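Below: the structure, in structure tokens.
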Amino acid sequence: MDATQLAITVAVVGLVLYKQFSGRFVAARDDVLPLVVIALGVVTLATTPVTVTAAGIALVAVEVVLAGALGVLRGRAFVLENRDGYLYRRGSVALAVAWALTIAVRVGASLVAGGLGAAALVGASSALVFGASLAVQAAVLHHRAAATGVPIRPKRASRTGA
């Protein structure tokens with residue numbers, strides 16, 4: 001991962017963490033960012049020359065499974081409450097622990113990949129794995145939100161200056 005990719009990764013993760021720990025009303029469509037990150041991951045994998053080995057593929061597969069499981073955990077870790085008649089979500093200690101575990105899995109996969117000669121493959125798959133984890137988290141959160149029966153606040157109309 002070069003300096004530019006590292007800066008982008010830190011910025012995206014920082015934005016995601018900020019949005020998840022600042023309380024906000026649950027949005028009807030909060031799945032755009034995971035899809036953008038997944039698309040970025042697919043492009044990165046398609047354009048980065050990497051050596052593909054069975055060990056590398058196995059490591060990425062294990063990381064995807066763990067990241068998906070942690071996405072479920074994070075989706076369940078939000079505190080949901082009725083605020084002003086609409087569903088509101090905020091971060092929690094459990095969410096912070098789930099994020100710490102998510103980051104630990106990523107760091108662990110990178111360290112193991114270095115020993116297996118799969119660092120380039122694991123590095124190139126990072127956005128794809130992260131996006132998939134965010135998508136699972138969003139799906140779990142949306143399922144929980146629907147189960148509450150509390151309405152989702154409508155998106156505010158944009159002002160066009162008219």
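Looking only at segment 1-26, which residues are aliphatic (A, V, I, L, M), in a loop (DSSP other than H, G, I, E, B) and modelled with pLDDT under 85? MET1, the sole residue that qualifies. Could you say whether any residue in segment 125-137 is without any contact (Cβ under 8 Å) to a residue 60 or more places away in the chain, hydrophobic (A, V, I, L, M, F, W, C) and closer than 16 Å to VAL13 by Cα? No: segment 125-137 contains no residue that is without any contact (Cβ under 8 Å) to a residue 60 or more places away in the chain, hydrophobic (A, V, I, L, M, F, W, C) and closer than 16 Å to VAL13 by Cα.
Has segment 18-34 got at least one residue that is farther than 15 Å from LEU141 by Cα and surrounded by 15 or more Cβ atoms within 10 Å (Cβ to Cβ)? Scanning segment 18-34, I find no residue that is farther than 15 Å from LEU141 by Cα and surrounded by 15 or more Cβ atoms within 10 Å (Cβ to Cβ), so the answer is no.
Each row is one residue, and each column tells you yes or no for (1) touching a residue at least 12 places away in the same chain (Cβ under 8 Å); (2) within 30 Å of PRO151 (Cβ to Cβ).
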{"residue": "VAL43", "(1), (2)": "no, no"}
{"residue": "THR47", "(1), (2)": "no, no"}
{"residue": "ALA58", "(1), (2)": "no, no"}
{"residue": "VAL64", "(1), (2)": "yes, no"}
{"residue": "ARG74", "(1), (2)": "yes, yes"}
{"residue": "VAL79", "(1), (2)": "yes, yes"}
{"residue": "ASN82", "(1), (2)": "yes, yes"}
{"residue": "ARG90", "(1), (2)": "yes, yes"}
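Give the residue that is nearest to SER110 (Cα to Cα), with candidates limited to residues of segment 27-47 that are outside any helix (DSSP H, G or I) and touching a Leu at 6+ places or on another chain (Cβ under 9 Å). My answer is ASP31. If the condition is being loosely packed, with under 13 Cβ neighbours inside 10 Å and of a type in the set (Val, Ile, Thr), then segment 53-78 contributes only VAL65. Take ILE152 and tell me if it is in contact (Cβ under 8 Å) with a residue 12 or more places away in the chain and surrounded by fewer than 16 Cβ atoms within 10 Å (Cβ to Cβ). So ILE152 does not fit the description; no. Would you check if there is a residue in segment 60-75 being over 24 Å from VAL97 (Cβ atoms) and touching a helix residue (DSSP H, G or I) at 6+ places or on another chain (Cβ under 9 Å)? So far as segment 60-75 goes, yes, one or more of its residues are over 24 Å from VAL97 (Cβ atoms) and touching a helix residue (DSSP H, G or I) at 6+ places or on another chain (Cβ under 9 Å).
Can you find a residue in segment 89-106 that is surrounded by 14 or more Cβ atoms within 10 Å (Cβ to Cβ), closer than 16 Å to ALA58 by Cβ and under 14 Å from the mean Cα position of the chain (by Cα)? So far as segment 89-106 goes, yes, one or more of its residues are surrounded by 14 or more Cβ atoms within 10 Å (Cβ to Cβ), closer than 16 Å to ALA58 by Cβ and under 14 Å from the mean Cα position of the chain (by Cα).
The values are calculated or read from the model by the stated rules, or taken from the named source; none is laboratory data. If you're wondering where the values come from, they're calculated on a predicted model, not measured in any experiment. Cβ atoms come from the backbone with ideal geometry, glycine included; neighbour counts cover every protein chain shown.
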